[in-house]
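Notes for the one structure printed next.
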Amino acid sequence: MPQTRRGRNGIRGIAAAGLALVIAATACTGAGEVDESGGADLDVAPGVTEDSVVIGAHHPLTGPAAPGYLAVSQGAAAVFEYVNAQGGVNGREIDYRAEDDAYDPSTTIDVTRELVIDDEIFAMMGGLGTPTHSGVIDYLNDEGVPDVFPSSGALAWNNTEEHPLTYGWQTDYTKEAKVQGEYIAENFSGESVGYLYQNDDVGEDSQAGLDQYLAEDVVAREHYESEVSDLSSQMAELDRAGADVVVCSCIPSFTALGMLEAARIGYDPQWVVSSIGGDTVTLQGLLEEFTQDTDVEGTPADAFLEDTLITSYMPRVEDEDDEWAQFFVAIYDEYGEGDQVTNTHAFGMTQAVMFAQVLMSAGEDLTRQALIDALEGQEWQGPGHVPFSSSDGDHGGHEGVYVVQYQGDSEIEMVQDPRVTDREGGAIEEPEGFDRLLPEEMEFHD
């Protein structure tokens with residue numbers, strides 16, 4: 001429950017005016033009643049008082065996904081502390097409660113029920129993981145809890161008929177994979193391709209996009225289970241099949257494990273990594289940890305990562321010229337946990353910035369219906385490099401990706417500008433009429 005702990009006065013010299021928040025507020029409370037039609041009543045405001053609003057999340061704070069994703073909730077908490085230090089949104093501090101589900105779907109169900117019933121959260125923000133969040137999406141919608149920005153690119157988050165209260169966040173796996181597929185087809189023509197993917201919607205949705213461009217070039221499709229950390233058989237098969245390019249639709253731990261195992265057997269493919277596993281700062285730490293007491297102990301992390309291609313849609317902390325990256329580094333230095341800021345932190349920070357903006361737009365008379373109206377009432381722009389959709393009928397979130405290549409020494413190069421597309425067979429295009437906002441242009445008050 002991150003509150004302002006040390007009486008901080010904000011980030012000096014960085015978007016202070018643009019990110020100042022309104023102090024005035026009105027009280028608004030309520031309980032989760034059900035209307036006569038049988039649907040959940042949204043004209044209520046559980047978790048809302050005169051001076052606070054309770055927001056919930058489920059995250060892997062422990063378990064197999066924690067090394068890659070613990071930073072998401074830490075980043076969001078740092079932004080919310082910054083927001084609270086400025087007086088909160090419309091005078092209300094954000095009481096952010098990220099509960100540990102250890103990336104275990106059964107635990108996700110338990111902690112989500114506790115958040116809804118015991119904590120009476122106003123909304124769920126950034127619940128993390130495809131297999132985990134899939135188990136609670138029906139419950140949240142049935143209970144009338146706005147399910148905002150799940151931390152996953154599954155297509156399920158953009159189903160407005162079945163889950164009208166769920167609003168996607170990250171570029172969905174199929175759109176991202178389409179861009180990857182076209183890029184590989186154009187830049188690695190004639191080379192054999194192998195897939196390494198998580199055995200759930202991550203893998204299924206990613207293959208649906210990749211296969212639109214690469215189906216005839218694929219020589220191996222290898223999956224992993226998130227609870228089994230041995231990738232020796234998968235990497236051996238990719239090597240045996242002669243995959244020159246390996247597309248890794250993997251969480252960070254398994255991206256690192258795959259690279260390490262490939263190096264151990266002398267296999268050196270071109271790695272193409274999706275945004276969910278492409279945080280190079282996190283990967284460096286994982287590779288350094290995983291190489292201990294192995295045949296490749298002492299090999300620098302950059303030796304595994306060099307020339308890796310990564311798709312992204314948000315600012316990256318390696319980019320010292322990006323104003324959002326600078327802003328996030330400054331916030332985390334002031335309000336973070338004292339560790340090195342990563343792109344995974346930036347993921348959670350971007351979510352928190354946009355959620356606070358939506359919360360402000362919902363107004364002082366805060367209800368769940370007001371939040372939904374705000375989400376669908378305007379074209380949202382934030383730190384991301386691509387357009388964002390949360391309109392009536394399209395809850396898809398970010399609409400595309402760009403491609404970077406890791407150059408070593410913590411440097412990246414953008415090798416393809418942002419592209420947007422659909423899930424199906426539509427064209428992959430440069431976004432038109434999209435102006436990315438900068439920190440000093442963001443406003444959370446009228």
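Give me a count of the residues in segment 111-138 that are free of Cβ contacts under 8 Å to residues at least 40 places away in the same chain and closer than 18 Å to Ala98 by Cα.
6
Restrict the check to segment 178-186 and report whether at least one residue is of a type in the set (D, E, K, R), under 19 Å from the mean Cα position of the chain (by Cα) and either under 20 Å from Asp422 (Cα atoms) or not assigned by TED's automatic domain parsing to the domain that holds Pro64 (or both).
yes
For segment 225-324, which fully contained strands (runs of 3 or more DSSP E) count at least 2 residues that are within 17 Å of Val193 (Cα to Cα) and among the charged types (D, E, K, R)?
Hits in segment 225-324: none.
Of (1) open to solvent by 20 Å² or more (accessible area, probe 1.4 Å); (2) more than 26 Å from Asp322 (Cα to Cα); (3) part of a loop (DSSP other than H, G, I, E, B), Leu366 satisfies all except one. Which?
(1)
Return yes when Asp392 is surrounded by fewer than 16 Cβ atoms within 10 Å (Cβ to Cβ) and farther than 30 Å from Pro300 by Cβ and no when it is not.
yes
Which of the residues belonging to segment 164-175 are part of a loop (DSSP other than H, G, I, E, B) and surrounded by 20 or more Cβ atoms within 10 Å (Cβ to Cβ)?
Leu165, Gly168, Trp169, Gln170, Thr171, Asp172
Provide a single number: the residues in segment 406-422 that are outside any loop (DSSP other than H, G, I, E, B) and open to solvent by 40 Å² or more (accessible area, probe 1.4 Å).
Counting residues in segment 406-422 that are outside any loop (DSSP other than H, G, I, E, B) and open to solvent by 40 Å² or more (accessible area, probe 1.4 Å) gives 8.
Can you work out which of the residues in segment 299-343 that are among the polar types (S, T, N, Q) and open to solvent by less than 10 Å² (accessible area, probe 1.4 Å) is nearest to Ile412 (Cα to Cα)?
Filtering segment 299-343 for residues that are among the polar types (S, T, N, Q) and open to solvent by less than 10 Å² (accessible area, probe 1.4 Å), the one nearest to Ile412 (Cα to Cα) comes out as Thr308.
Using beta carbons and a limit of 6 Å, which pairs, at least six apart or on different chains, have the first residue in segment 184-203 and assigned to a strand (DSSP E or B) and the second one open to solvent by 70 Å² or more (accessible area, probe 1.4 Å)?
Tyr195/Arg221; Tyr197/His223
Only residues that are open to solvent by less than 10 Å² (accessible area, probe 1.4 Å), at pLDDT 95 or above, part of a helix (DSSP H, G or I) and out of contact with any His (no Cβ under 6 Å at 6 or more places or on another chain): list them for segment 74-102, please.
Ala76, Ala78, Val79, Phe80, Glu81
Does Thr255 satisfy the criteria of being among the hydroxyl-bearing types (Ser, Thr, Tyr) and modelled with pLDDT of 95 or more?
yes
The values are calculated or read from the model by the stated rules, or taken from the named source; none is laboratory data. This is a predicted model, so every value here is computed, not measured. Don't worry about glycine lacking a Cβ; one is built from the backbone with ideal geometry, like all the others, and counts go over all protein chains shown. Ligands, DNA and RNA are stripped out before the accessible areas are found, and what is left, the full protein with its side chains, is counted by its heavy atoms. Shrake-Rupley method; radii C 1.70, N 1.55, O 1.52, S 1.80 Å.
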